[in-house]
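The block underneath contains the structure these notes are about, expressed in structure tokens.
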């Protein structure tokens, strides 16, 4: 799978901030922490999961704050670096390409979108589901 990530690398961040004073292109250049990488497809983590091949993915304001290293307390908290690697883009549409044994109502070839209000309670391992997850996000 191909994905866009922001690597938490202090030397790259400092160099990009310095070069960014000269040109904003530095934030997407070879010295920046922004990377397009290929990762192996992991196995589905549980029978209730599906694998989706993204068709389109939006880049929102919090992603842009991360790309341009604008993260701070005056910006959305989601833009603050919290992991060694941050995967950008969360507004997606794609096609189901693999279905776990425990999935009902979806099949390979179905078009899906990521529900944008929050991550699914089941995916996060929560026992108590929020109202939206309990209703199946409908």
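Data table
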quantity	calculated
Wholly within segment 42-138, strands (runs of 3 or more DSSP E) carrying at least 2 residues that are within 17 Å of residue 3 (Cβ to Cβ) and at pLDDT 85 or above	50-58, 91-99
Residue in segment 1-23 that is farthest from residue 84 (Cα to Cα), counting only those that are part of a strand (DSSP E or B) and out of contact with any helix residue (DSSP H, G or I) (no Cβ under 8 Å at 6 or more places or on another chain)	2
Hits in segment 24-44 (condition: more than 18 Å from residue 87 (Cα to Cα), free of Cβ contacts under 8 Å to residues at least 12 places away in the same chain and exposed (fewer than 15 other Cβ atoms within 10 Å of the Cβ))	25, 43
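The values are calculated or read from the model by the stated rules, or taken from the named source; none is laboratory data. Note that the structure is a prediction, hence the values are computed from the model and not measured. Please note: Cβ atoms are built from the backbone with ideal geometry, for glycine as well, and neighbour counts cover all protein chains shown.
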